[in-house]
Amino acid sequence: CQGDSVMLGGTYQTTSGTYYDSLSTSNGCDSVITTNLTVTTVDTSVSVSGSTLTANVTGANYQWIDCNANQSISGETNQIFTADSSGLYAVEVIQNGCTDTSSCYSISIVGIKDNSSEYKVSVYPNPFNNHTIIKFENSTEAKHDLIIFDVMGHIVRSITDISAGQIKIERKSLASGLYFFQLQNEGQKVAIGKLMIQ
């Protein structure tokens, strides 16, 4: 694993490569030992979108960490983590027998209203192939805007002046993968969620 070292030919090696070591017996015979060393690295990069953090590597085991408390967050072992409070967060990634931890990422939650008390948001079907419906209830506002982001935080679609309590999202040119949406009114974020396109 990256960060480990192996003694080869009298020297500690920390990088991948082919190493040779010569040995002599008491009879004067020589032996050459060839070692092909592969150092496994773990991708600990993270994408941030709003209050959602996504480990970029797939097919690994994950444990999200509260950097301020310097402890693991109970039950947060998925590739995606959504913070419910401002703070510093990191992810421990375990893959191919190696473990590494990402940098800490600052999340600041400002102006997001409590969905449970004001909005009821549902997405169906999710994951989807051709289209999905985002339905929101308990809204007292007449108009809403919907913004869809990719995992890198880039806006891929924006729909304004939604007056009904639901909107149909067509796949169109969106590639398969994970996306995030933000529902807002008058520039104020009121709901966030995830979309998965198969």
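Couple of notes before you dig in:
- When Asn130 is tested against (1) touching a Lys or Arg at 6+ places or on another chain (Cβ under 6 Å); (2) at pLDDT 85 or above; (3) closer than 30 Å to Gln63 by Cβ, exactly one condition is not met: (3).
- Flag for Ile197 being at pLDDT 85 or above, over 17 Å from the mean Cα position of the chain (by Cα), surrounded by 13 or more Cβ atoms within 10 Å (Cβ to Cβ) and hydrophobic (A, V, I, L, M, F, W, C): no
- Restricted to the stretch 1-68, the set of strands (runs of 3 or more DSSP E) holding at least 1 residues that are open to solvent by 40 Å² or more (accessible area, probe 1.4 Å), among the hydrophobic types (A, V, I, L, M, F, W, C) and at negative phi comprises 6-8, 17-24, 30-37, 46-49.
- Screening Ser85 on (1) farther than 25 Å from Ile192 by Cβ; (2) of a type in the set (Ser, Thr, Tyr); (3) touching a strand residue (DSSP E or B) at 6+ places or on another chain (Cβ under 9 Å) shows it passes everything except condition (1).
- Restricting the stretch 80-92 to residues that are open to solvent by 40 Å² or more (accessible area, probe 1.4 Å) and out of contact with any Gly (no Cβ under 9 Å at 6 or more places or on another chain), the residue that is modelled with the highest pLDDT: Glu92
- For the stretch 180-192, the set of residues classified as open to solvent by 20 Å² or more (accessible area, probe 1.4 Å) and either modelled with pLDDT of 85 or more or touching a helix residue (DSSP H, G or I) at 6+ places or on another chain (Cβ under 9 Å) (or both) consists of Ile192 only.
- Counting only residues that are among the β-branched types (Val, Ile, Thr) and more than 19 Å from Lys194 (Cα to Cα), the stretch 57-82 holds 2 of them.
The values are calculated or read from the model by the stated rules, or taken from the named source; none is laboratory data. Small disclaimer: the values here were computed from a predicted structure and weren't measured. Quick reminder, even Gly has a Cβ in these numbers, built from the backbone with ideal geometry, and neighbours come from all protein chains shown. Please note that ligands, DNA and RNA were not included when accessible areas were found on the heavy atoms of the full protein model with its side chains. Shrake-Rupley method; radii C 1.70, N 1.55, O 1.52, S 1.80 Å.
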